[in-house]
Amino acid sequence: MKQPISNEIKSLSWIVSDRIKQYMMDQQLKPGDRLPPERALSEALAVSRPVVREALSHLETLGLIEKHQGRGLFVKEQNLSRLFQEMLPPSNHDKQTFKQLVEFRFMIEQAALSHIMNNIQAEQLQPLYKIIEQSENDISDSEFIKLDHELHRRLILLSSNPYLVELTTVIDNFFAFIEQPVRDKTLSMEERKQSIRQHRQLLDFIGQGQKGSAIELLEEHLLPIYSDF
C-alpha cells in the first residue's frame, strides 16, 4: 500500500522543485535534454529521495518535464496553450470571473495593437477591410458575430507574436464554448451599423498611427460585447 506523503515532504518539495527549475535554467537545458537521475539530485540537493520524487512530480504536473519509462526524466517542450487552459475556470463560472477574462482579452489585443502600429504596412490592413465589407452583406447574426471574431483574430496575427496568438486562441475557444447567449442574440440594425463603424474607424486609426485613439475605441468596442452574461 502506498504511504501518504507527509506535509513536511510536500512543503520541502516545493522548495526543491524551484531549485531543480533553477538548475535547468543554469544548465540551459533544452526540450529533450535529460535530467540527472533521482539519486544524483537527492545527493546534490542534500534532501531525501522522497522529497526529490515529490518535487519532480510537481514539475511533471506543470508540464516542465516528462518521464520516459526506463529512460528517465527529460525536459518537455513547453505548451503555453495547455498551461493557460488549466488556469481557466470551469464553464459554470461567475460573472466576475467572466468579466475579468474579457478584460484580459482586451489587454492582449491592446498589447498587440501597440506592437502592430510600430510595424504595420497599409496593405496588411486590406484583408481586414474586406472582412468589414462582408459583414455589411445580408447575413445572419451568427455569421456577423463570426466575422467580428475573425477580424479581431486577424488583428492579433498581425502582431507576429506567437504568445499573444496562443493566449488569444485559448481565450476565444473558451468563449466559443460558453457564449451561446451571445451567438443566439438578435442584433438590431443599429448595433450592426455601430459595430461596422467602429471596426472601420479602428483600422483607420491603426493605418494613421493614432495609437491612443485606436486603443480607446477598442475598449469602447470590445468590453461591452459580453454584457449580457
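When you scan segment 55-94, how many residues do you find that are assigned to a helix (DSSP H, G or I), among the acidic types (Asp, Glu) and either at pLDDT 90 or above or more than 21 Å from residue 16 (Cα to Cα) (or both)?
Looking only at segment 55-94, we keep the residues that are assigned to a helix (DSSP H, G or I), and these are 55-61, 80-87.
Now drop any that are not among the acidic types (Asp, Glu), which leaves 60, 86.
Then drop every residue that is not either at pLDDT 90 or above or more than 21 Å from residue 16 (Cα to Cα) (or both), which leaves 86.
Qualifying residue count, segment 55-94: 1.
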> Would segment 105-125 turn up any residue that is loosely packed, with under 15 Cβ neighbours inside 10 Å, in a loop (DSSP other than H, G, I, E, B) and at pLDDT below 75?
Replying inline: no
>> Take residue 30 and tell me if it is under 16 Å from residue 76 (Cα atoms), out of contact with any Leu (no Cβ under 9 Å at 6 or more places or on another chain) and of a type in the set (Lys, Arg).
In response: yes
> Give me the pairs: first residue in segment 11-40 and in contact (Cβ under 8 Å) with a residue 12 or more places away in the chain, second residue assigned to a helix (DSSP H, G or I) and of a type in the set (Asp, Glu), beta-carbon distance under 6 Å, and six or more apart or on different chains, which are they?
Replying inline: 13/54
> Do you know which of the residues in segment 136-164 that are under 20 Å from the mean Cα position of the chain (by Cα) and in a loop (DSSP other than H, G, I, E, B) is surrounded by the fewest Cβ atoms within 10 Å (Cβ to Cβ)?
Replying inline: 160
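Could you tell me how many of the residues in segment 10-58 are among the acidic types (Asp, Glu) and over 18 Å from residue 71 (Cβ atoms)? Full working, then the answer.
We begin by selecting, within segment 10-58, every residue among the acidic types (Asp, Glu); these are 18, 26, 33, 38, 43, 54.
Narrowing further to those that are over 18 Å from residue 71 (Cβ atoms): 18, 26, 43, 54.
Number satisfying all stated conditions: 4.
The values are calculated or read from the model by the stated rules, or taken from the named source; none is laboratory data. Because the structure is predicted, anything quoted here is derived from the model rather than measured. All Cβ positions, glycine included, derive from the backbone under ideal geometry; neighbour counts span all protein chains shown.
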